[in-house]
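The structure appears below as structure tokens.
Readers should treat all values here as calculations from the given coordinates under stated rules, not as data from a laboratory. Given the structure is predicted, the values throughout are model-derived calculations rather than measurements. Using ideal geometry, Cβ is built from the backbone for each residue, glycine included, and neighbour counts are taken over all protein chains shown.
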Amino acid sequence: MKSYTFLAILSTASAHFVLETPPSIGFNDVKEAEAPCGGFDVKNRDKVTEWPVGGYPVYVQSTHTRAKWTYKAALLNSTSSFVDLIPQVGQEGLGDFCLTSIPGVAEWVGLDAVVQVAQEAHDGKLYQCAAVKFTSGNAFTPESSCKNGTGLSASFIASPTSATPTVPTSSPTSSTSSTASGSAASPSPSSEGVAMYWNPVGIAAAVAVVVGASGFGFT
Ligand SMILES: *[C@@H]1O[C@H](CO)[C@@H](O)[C@H](O)[C@H]1NC(C)=O
Ligand SMILES: *[C@@H]1O[C@H](CO)[C@@H](O)[C@H](O)[C@H]1NC(C)=O
């Protein structure tokens, strides 16, 4: 089968991801599994990205057809305390993956900080970091290179109760109740042999809660 052959070829590709935007502190595919920054110094400030709290794009290239992503930040004086910028995201599909506007931490404007992007797939967890400084202001307009591969899709994974981002947070004014019916059985992934990582009913509910809470458009 055509699709099976395609997946078989992919499985021989080296298992890593590349952080394209913002610029990574450093990339080494052999060390990418080393937390917190893929084998590089979490305090490196060679390339500092100014990240408006209104949002900044995160563009990666993934060699995994299915993975979970986390987007966290820490202050440079406290790099053992990473906080989630958005809830965990599940990605399916391959190649370019760009979230156009990930919010910054308003309380940290002007302070030296680091953003960590982590990918968790069937063969383990990989890390990349970017040196940042959060700035006040509206979302940065992504470059045209910020795009998604054909057929790539992504959604929040977190369950409704844990979907609200730790930071930044404002008290939700309303939360849309999800009435997703449990009858929509998840299609079982076949040839790749990887278990479904998330539950579609949970995604629908989580997205409803997050969009209702922060207006962060994630579709
Ligand atoms: C880090 O710096 C911020 C801002 O100056 C300060 O509020 C915080 O207490 C510092 N944290 C530590 C662990 O020093
Ligand atoms: C890529 O897909 C995600 C999930 O659907 C979406 O939030 C994001 O805006 C897309 N990126 C671009 C550049 O359209």
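How would Lys43, Lys72 line up from fewest to most surrounding beta-carbon atoms within 10 angstrom?
Going from least to most buried by this count: Lys43, Lys72.
First select every other residue whose beta carbon is under 11 angstrom from the beta carbon of Asp112; then total the charges, Lys and Arg +1, Asp and Glu -1.
Taking every Cβ under 11 Å from that of Asp112, the sum is +3.
Run the reach check for Lys125 against lysines, Cα to Cα strictly under 16 Å, same-chain hits fewer than 8 apart removed. What comes back?
Within the straight-line limit of under 16 Å, Lys125 reaches these lysines: Lys31, Lys68, Lys72.
Among residues other than Cys146 whose Cβ falls under 12 Å from its Cβ, what is the net charge (Lys/Arg +1, Asp/Glu -1)?
-2
Can you work out ³J(HN,Hα) from phi for every residue in the stretch 37-44, in order, using Karplus 6.51 cos²θ - 1.76 cosθ + 1.60 and θ = phi - 60°, giving whole Hz and x for Gly and Pro?
Result, ordered by residue: 10, x, x, 10, 6, 4, 9, 4 Hz.
Residue by residue through the stretch 16-26, what is 3J(HN,Hα) from phi via Karplus (6.51 cos²θ - 1.76 cosθ + 1.60, θ = phi - 60°)? Round to whole Hz and write x for glycine and proline.
Along the stretch 16-26, the couplings run 8, 10, 10, 8, 8, 9, x, x, 6, 4, x Hz.
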